[in-house]
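The values are calculated or read from the model by the stated rules, or taken from the named source; none is laboratory data. Please read all numbers here as calculations on a predicted model, not as lab measurements. So basically every Cβ, Gly included, is an ideal-geometry build from the backbone, and we count neighbours across all protein chains shown. For accessibility, only protein heavy atoms count, side chains too; no ligands or nucleic acids. Shrake-Rupley method; radii C 1.70, N 1.55, O 1.52, S 1.80 Å.
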Amino acid sequence: MSESSLDADQHLACGRTVGELVEHLAGDAPPEFAAHAASCPHCQAALADLAPGWEPVRRAAQLSVEPPRGLLERTLLTVRGARDGAGGSPAEIAQEQGSLRVAPQATLVLARRLSGELLADRPGVRLLACTGDVHEVRVDLQVGYGLDAPEVTTRLRAELERALRNLLGAAAPAVWVRVADVASRQGS
């Protein structure tokens, strides 16, 4: 059995599948299968082909993996921003028929959506977080190594402020944009 022919639904001569063998190697197979595999020549031959490829998987499973730097902080900021934004006071936009109230959470969702749209045509720049309320929006970016980070942040800030002002008028929040991470070069 070669790597290119690894098909989980492929049946062995004994009626068992390659998928069951992979489950066995991963330690997820039922005990009855382990007993069968121990005595079946077809399963033994297939396991002999598959087992060497599982050694790196087993080693990798033993490694402790650290989350990317800042992930927890960005996640908590986003959650706090959505939570705080849901309970804060709304922005009020004067209109001919009265005033329109925009909830803080709606302001954040709008800022997040606009940021994503403004960054869509900028390769190497990713939105990591958008937090804040009706008074201030903070945007965290990941910028690719070698890009002009000050130009990227200044331009996004100006474009986002303009877009929010067009939609929310005087109720548009202040915008802060920062580089929270720098992505390494592709292929490095």
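For the stretch 86-188, list the strands (runs of 3 or more DSSP E) that sit wholly inside it and hold at least 2 residues that are over 22 Å from Arg69 (Cβ atoms); which are they?
Numbers: elements: 91-95, 98-102, 125-132, 136-144, 174-183.
Once the strands (runs of 3 or more DSSP E) in the stretch 86-188 are filtered for at least 2 residues that are over 22 Å from Arg69 (Cβ atoms), what remains is 91-95, 98-102, 136-144, 174-183.
Could we say that Ala38 is out of contact with any helix residue (DSSP H, G or I) (no Cβ under 9 Å at 6 or more places or on another chain) and of a type in the set (A, V, I, L, M, F, W, C) here?
Numbers: out of contact with any helix residue (DSSP H, G or I) (no Cβ under 9 Å at 6 or more places or on another chain): no; of a type in the set (A, V, I, L, M, F, W, C): yes.
Answer is no for this residue.
Name the residues in the stretch 143-160 that are crowded, with 17+ Cβ neighbours inside 10 Å and either within 21 Å of the chain's Cα centre (by Cα) or closer than 16 Å to Pro104 by Cα (or both), would you?
Residues satisfying the conditions are Val143, Gly144.
Do you know which residues across the stretch 39-75 are within 25 Å of Val179 (Cβ to Cβ) and open to solvent by less than 90 Å² (accessible area, probe 1.4 Å)? Please lay out each step first, then the result.
Step one: of the stretch 39-75, the residues within 25 Å of Val179 (Cβ to Cβ) are 65-75.
Result: Pro67, Pro68, Gly70, Leu71, Arg74, Thr75.
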